[in-house]
Structures are given as C-alpha cells and as structure tokens.
Amino acid sequence: MDVKDAVRKAKQHIQELFEEEEITHIGLEEVEPSADETCWRVTIGFSRPWDFSRNASSAISGGHPGRSYKVVTIDEESGQVISVRDRQIELHS
C-alpha cells in the first residue's frame with residue numbers, strides 16, 4: 001500500500017464511520033509511516049454540523065471554526081483499519 005492508497009482508505013473510513021453525523025470539509029492533515037513501517041498513521045480533519053453554529057461567534061471574535069481531527073491507523077500489508085483515535089495536540093511552552 002502506498003501513501004495515496006492509505007489516505008484514500010482513511011478518508012473513506014472516516015466518511016463511513018461518521019456518516020450519521022453528516023460531516024463535511026473532510027481533508028488530509030498529516031500522514032506518516034509508523035516507526036517500524038508496518039502501518040500508516042493518517043490524520044483526517046472534518047467539520048460537524050454543530051461546528052458551524054460556533055463559527056458565527058468565532059468569526060466575530062477572530063477565532064477559527066470548530067474542527068475535529070482523527071488519526072486513522074492502517075495496516076501496511078492488509079490495508080485494514082486498525083484504529084481511529086483523537087489527534088493528540090502538543091502544547092509548546
């Protein structure tokens with residue numbers, strides 16, 4: 001599986017998994033192989049309908065609209081999705 005296949009698989013999986021939430025603006029954020037190169041870790045960002053209600057107040061205050069980020073881990077050999085988790089945000093001091 002190459003990187004483009006992994007990204008397509010991750011986007012498709014997120015679309016199907018969150019279908020009932022009517023997500024939009026689905027896009028690639030990050031992609032990297034695991035340290036042992038047996039998996040791909042693909043970060044997909046998207047918006048949920050309730051994020052848009054916050055957008056009006058965010059736009060007025062100069063903030064950014066709400067967005068969710070999920071890391072999809074895909075097995076390199078089989079192409080199977082192993083996990084979906086929230087992206088951990090690194091805080092720098």
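We did not get these values from a lab; they are worked out from the coordinates using the rules stated. Just so it is clear, the model here is predicted, and its values are computed rather than measured. Note: ideal-geometry Cβ built from the backbone for every residue, glycine included; neighbour counts use all protein chains shown.
Ranked by the mean number of other Cβ atoms within 10 Å per residue, highest first, peptides 74-81, 41-48 order as 41-48, 74-81. Name all residues of the range 26-40 having a backbone nitrogen under 18 Å from the label point set 7 Å from the Cα of Gln88 along its Cα→Cβ direction, giving them as ranges. Only 30-37, 39-40 pass the distance filter.
The distance between label points at Lys4 and Gln80 comes to 2.7 nm (points 7 Å beyond Cα on the Cα→Cβ vector). Summing Lys and Arg as +1 and Asp and Glu as -1 over all other residues whose Cβ lies under 13 Å from the Cβ of Glu32 gives a net charge of -3.
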